[in-house]
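Data block below; observations after.
The values are calculated or read from the model by the stated rules, or taken from the named source; none is laboratory data. Keep in mind the model is a prediction, meaning the values are calculated, not measured. Please note: Cβ atoms are built from the backbone with ideal geometry, for glycine as well, and neighbour counts cover all protein chains shown.
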Amino acid sequence: MALHEIRQPADLRELSYPELADLAGEIRDFIVQAVAENAGHLGSNLGVVELSLALHRVFESPTDAVLWDTGHQAYVHKIVTGRQAAFERLRQAGGLSGYPNREESPHDFIENSHASTVLSYAYGLSAGRELGTNHFRHIVGVIGDGSMTGGMAYEALNNIGHSKQRVIIVLNDNGRSYAPTISNLTAGVTPREQAEMEHPSLPDRITEKLSHALTDIRLNPVYVRRQRRLEQFLRDLPYVGNQAEKGVEAMKAAVREFLQPPSFFEALGVRYVGPVDGHDMEALEATFRNAVELSAEGPIVVHVLTQKGRGYSPAEDDDEKHLHDAPVFDPAVGPPPAVVTGYTQAFAEAVIKEAELDSRVVAITAAMPGPTGLLPFQARFPDRFFDVGLAEQHAVTGAAGMAMGGLRPIVAVYSTFLNRAWDQVVYDVALHRLPVVFCLDRAGITGPDGASHHGVYDMALLSKVPGMRVLAPSSAEDLAVMLHDAVGLADDGPVALRWPRGAANHVSEHEVGVGLQARQARKGDGSLAILAVGRTFTEAQKAAATLAESGVEVTVWDVRCCAPLDPAMIADAAAHAAVITVEDGVRDGGIGMSIADQVHALRSDVPVQVLGIPSKFLPQGSADTIHAQLGLDADGIVTTARTLLG
C-alpha cells in the first residue's frame, strides 16, 4: 500500500508485515524530504517509524489515548492520522506544528514540547477514567529521547506505581536526548561491550536466549494468572506463608537481576518487560497486545530499543546528535555539519576566555551542549563541564551547590526551559545570594518551534527576583563584555544574560557598554527618547534614522541592564517630551513597565508608550514576521512614534 493511501490509523491494520516494511521506508523518505524543505526534527522521527506504526495498529486512537513525550518525535503519528498533505508547510506560519497540537487533530492530546511530562498526563487521565469522567480504553504514554532524565518523570512514575493506575508506558530508549542521554536507565554500551556483542561467547549466547525467553514468559498472561494463584497459595500456607512467598520472590528477583536490567521500575510498582527491538514490527505488536492484557492488573512499562536517525545514513553517521534537528538541506547529501553562529558563537568563545581567566568557572547544561555553544568548552575543559540531562531544576540547584562549594557556575539553557526551574532560581540561588550566572539562549521570539519555545517570560520574571541582575546584549561584542562583567558581579549574587536566536549584530569597541550601565547611542532634540532592549535596539536605531529624515531627532538608548535600570538613562528619558520602550519579552510586567514607573516617579506628565509581546500564546512563524505583526520592528516603532508625537 502506498503512503498516500494511509489516511487514518485503521488503514494500517490490513497490511502484511512485508507491506509494513515497504511503508516504513516510504515514511522515512517522506520525513527526510519534508524536513529538507522546511527544517525540523529529523533523527528522532526516523527512529520511531516502526514503533509508531505498531502503536497505531494495536491501539485505536483517539479511543485509546496515545500521548507523546517529547512531542518532536510525533511526525509519524501525524502522518498516519491524516496530516500528510500538511507537511508541505511544516513549522511555517499557519501550517503544521512541529509538535502535537490539539487544534490540528483529535489524535493529539498534548501541545507543548517540553520533556518528562507525559507520565503525569497519563496519571491524571487514568485517574479521570477511574472516576468516570472520561472513557479511554487504554492510556499509553510514549516517553524517551532523553525524557527519563527529567525528575518529573520519576515523580509521576512513583505515583502511577503506588496507585496501580492502568497506564501502559512505552520507554523509547535510543540512548540519546539531543546529545547522548545522561542516564543509567538507557541501554547504551561501552566499546568493550559492543565488541562482546558482535562476537558473543557461548555463555553470552545462552544468556541472551534465556533473557528473551524470560521476557516472553513474563509477557504471557497465562503465566501471570498462574503466578498470581501460586502467590495466593503460598500466602495461605499456615505458619510459613509469608516466608514462602518472600522466598519465591527473592528467587525470581535473582533470576531477573542476572538475565535482565535491574528491576528499577518494579521496585516502584510498575511491571517491566523488555527490552524489545523497536524496529521489529511483529515483536512490537505482540508485546503491546500482551501489555494490554497485563495492564488490567496495573501499570506496565515496555522498554523499546530504537536507533535515532535510522534509515538515513547522514543521520546515522552524525555522532553528536544523529541529526536530531536539521536546517533546510539537500536530502541527497544531508545537511552540512552543525555549527553554532550568531550570539551562541559569541558566547561559546567568551565562556572559554572566562574559564581561562578564572579556574573556578564551570559550565552546566541540561542535555544541550551543542545548541547552547558549550561543545568547545567541553573539549577544552572536560573536567569543568557538566551535562545533567533534561533536568533543569537539578541543573540550577546543582549550580547553587557548586557556588556554595567555591565554584563560579555558568548555567546555559534555553530561555523557555529556565521556566521549569523557577522555584530553584528564586529560593535555591537568589535567596542565598549565590554567584551563579544564567546564560539564556533563544530568548524572545524563536520562530518555527512555536508557543512552547518562544522565550518571552525571562525578563519579566527574573527582574522581579531580589538581587538578580538581568543583562540583555544588543551585539556579539557586548555579550562578551557582559559575560566577563557577570562573573565579577556574581560576587554579590546571581546574574542573568539573555540573547536571541539567529544572527548577531556586530559593532566596534566604541559601541559596547560596560557593567550595569545603559549606553546612549544617539542624542536627540528632546522630543522623544526610545529605550530599546536587546535585539530590538537595532530596530530602534533604524526607526530613529527614518524619523530623522522627517526632521525628528530621537534619542536612542541601549538599555543593556534590565534590572537594575540605569538611573542616568531614566533621568535622561524623563527629560524628554515622550518616551517609547521596546522589548522582545512580555509587555505586561516587563522591562518597559518598570521604565515607565521609574520615569513617572520623576515626571508624571511624560507619556510612555510600552511596546512588547502580548500575554498570549503565539504560534510558529518567522521571528521577523512575528515582530513586524507586533509592531516591534523599525516600521512599527516609527508608526508608534508618529502617533505619540501627534
Residue list for region 357-382, filter: of a type in the set (Gly, Ala, Ser), surrounded by fewer than 22 Cβ atoms within 10 Å (Cβ to Cβ) and closer than 22 Å to Asp491 by Cβ: Ser359
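Please determine, by comparing only the residues of region 383-408 that are of a type in the set (Asp, Glu) and crowded, with 20+ Cβ neighbours inside 10 Å, which one is nearest to the chain's Cα centre (by Cα). Before you say what the answer is, go through the steps one by one.
Just the residues of region 383-408 that are of a type in the set (Asp, Glu), to begin with: 383, 387, 392.
From the residues that got through so far, the ones that are crowded, with 20+ Cβ neighbours inside 10 Å too are 387, 392.
Working: Asp387: 14, Glu392: 10 Å.
Checking each candidate, the answer is Glu392.
Out of all the residues in region 489-519, which are among the aliphatic types (A, V, I, L, M) and not in a strand (DSSP E or B)? I'd like the intermediate steps shown before the answer.
In the first step, residues of region 489-519 are kept if they are among the aliphatic types (A, V, I, L, M); the result is 489-490, 495-497, 503-504, 507, 512, 514, 516, 518.
Selection gives Leu489, Ala490, Ala503, Ala504, Val507, Val512, Val514, Leu516, Ala518.
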Failed item, numbered, when Ala460 is tested on (1) assigned to a helix (DSSP H, G or I); (2) more than 22 Å from the chain's Cα centre (by Cα): (2)
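Go through Ser295, Ser263 for me and flag whichever is over 27 Å from Leu46 (Cα atoms), modelled with pLDDT under 85 and not aliphatic (A, V, I, L, M). Lay out the reasoning, then the answer.
Details: Ser295 fails: modelled with pLDDT under 85.
Unique residue meeting the criteria: Ser263.
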Checklist (1) under 29 Å from Phe417 (Cβ atoms); (2) at pLDDT below 95; (3) of a type in the set (Ser, Thr, Tyr) applied to Ser52, failing item: (2)
Pairs where the first residue, in region 610-625, is in the same structural domain as Val586 (by TED's automatic domain parsing) and the second is among the basic types (Lys, Arg) and crowded, with 16+ Cβ neighbours inside 10 Å, C-beta under 8 Å, 6+ apart: Val610/Arg587; Leu611/Arg587; Gly612/Arg587; Ile613/Arg587; Pro614/Arg587; Ser615/Arg587; Gln620/Arg91; Ala623/Arg501
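Only one of these is charged (D, E, K, R), under 28 Å from the mean Cα position of the chain (by Cα) and at pLDDT 95 or above: Asp588, Asp597, Asp572. Name it. If you could, list the steps in order and put the result at the bottom.
Numbers: Asp597 fails: under 28 Å from the mean Cα position of the chain (by Cα); Asp572 fails: under 28 Å from the mean Cα position of the chain (by Cα).
Checking each option against the conditions leaves just Asp588.
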Filter result (outside any loop (DSSP other than H, G, I, E, B), over 16 Å from Gly298 (Cβ atoms) and either at pLDDT 90 or above or touching a Cys at 6+ places or on another chain (Cβ under 6 Å) (or both)) within region 127-150: Gly128, Val142, Ile143
Qualifying residue in region 429-449 (condition: assigned to a helix (DSSP H, G or I) and over 24 Å from Ala518 (Cβ atoms)): yes
Ala486 being among the aliphatic types (A, V, I, L, M), at pLDDT 95 or above and part of a helix (DSSP H, G or I): yes
Test: residue in region 390-401 that is part of a loop (DSSP other than H, G, I, E, B) and not aliphatic (A, V, I, L, M): no
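Just checking, which of Ala540, Ala548, Ala532 is over 32 Å from the mean Cα position of the chain (by Cα) and in the same structural domain as Cys562 (by TED's automatic domain parsing)?
Details: Ala540 fails: over 32 Å from the mean Cα position of the chain (by Cα); Ala532 fails: over 32 Å from the mean Cα position of the chain (by Cα).
After ruling out the rest, the residue left standing is Ala548.
Out of Arg603, Arg587, I need the residue that is surrounded by fewer than 17 Cβ atoms within 10 Å (Cβ to Cβ) and either among the aromatic types (Phe, Trp, Tyr) or more than 18 Å from Gln520 (Cβ to Cβ) (or both). Which one?
On the way: Arg587 fails: surrounded by fewer than 17 Cβ atoms within 10 Å (Cβ to Cβ).
The match here is Arg603.
Among the residues of region 597-646, which ones are among the polar types (S, T, N, Q) and under 27 Å from Lys464 (Cα atoms)? Reasoning before the result, please.
Filtering region 597-646 down to residues among the polar types (S, T, N, Q) leaves 598, 604, 609, 615, 620, 622, 625, 629, 639-640, 643.
Gln598, Ser604, Gln609, Ser615 - these are the residues of region 597-646 that are among the polar types (S, T, N, Q) and under 27 Å from Lys464 (Cα atoms).
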Subset tally (residues that are among the basic types (Lys, Arg) and over 27 Å from Leu323 (Cβ atoms)) for region 1-40: 2
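Just to be sure before I move on: is His77 buried (at least 23 other Cβ atoms within 10 Å of the Cβ) and in contact (Cβ under 8 Å) with a residue 24 or more places away in the chain in the structure I sent? It would help to see each step written out before you state the result.
Values: buried (at least 23 other Cβ atoms within 10 Å of the Cβ): yes; in contact (Cβ under 8 Å) with a residue 24 or more places away in the chain: yes.
So His77 passes the test.
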Residue identified as surrounded by fewer than 19 Cβ atoms within 10 Å (Cβ to Cβ), touching a residue at least 12 places away in the same chain (Cβ under 8 Å) and among the aliphatic types (A, V, I, L, M) among Val426, Val411, Val437: Val426
Candidate set from region 275-289 (those that are crowded, with 21+ Cβ neighbours inside 10 Å and within 19 Å of Ile139 (Cβ to Cβ)); member that is farthest from the chain's Cα centre (by Cα): Thr287
Criterion violated by Gly526 - all others in (1) in the same structural domain as Gly631 (by TED's automatic domain parsing); (2) more than 28 Å from Leu630 (Cα to Cα) satisfied: (2)
Residue list for region 276-308, restricted to those being touching an Asp or Glu at 6+ places or on another chain (Cβ under 8 Å), assigned to a strand (DSSP E or B) and either within 21 Å of Tyr17 (Cα to Cα) or not assigned by TED's automatic domain parsing to the domain that holds Arg57 (or both): Val304, Leu305
Residue in region 546-564 that is free of Cβ contacts under 8 Å to residues at least 60 places away in the same chain, touching a helix residue (DSSP H, G or I) at 6+ places or on another chain (Cβ under 9 Å), surrounded by 17 or more Cβ atoms within 10 Å (Cβ to Cβ) and farther than 12 Å from Ala529 by Cβ present: no
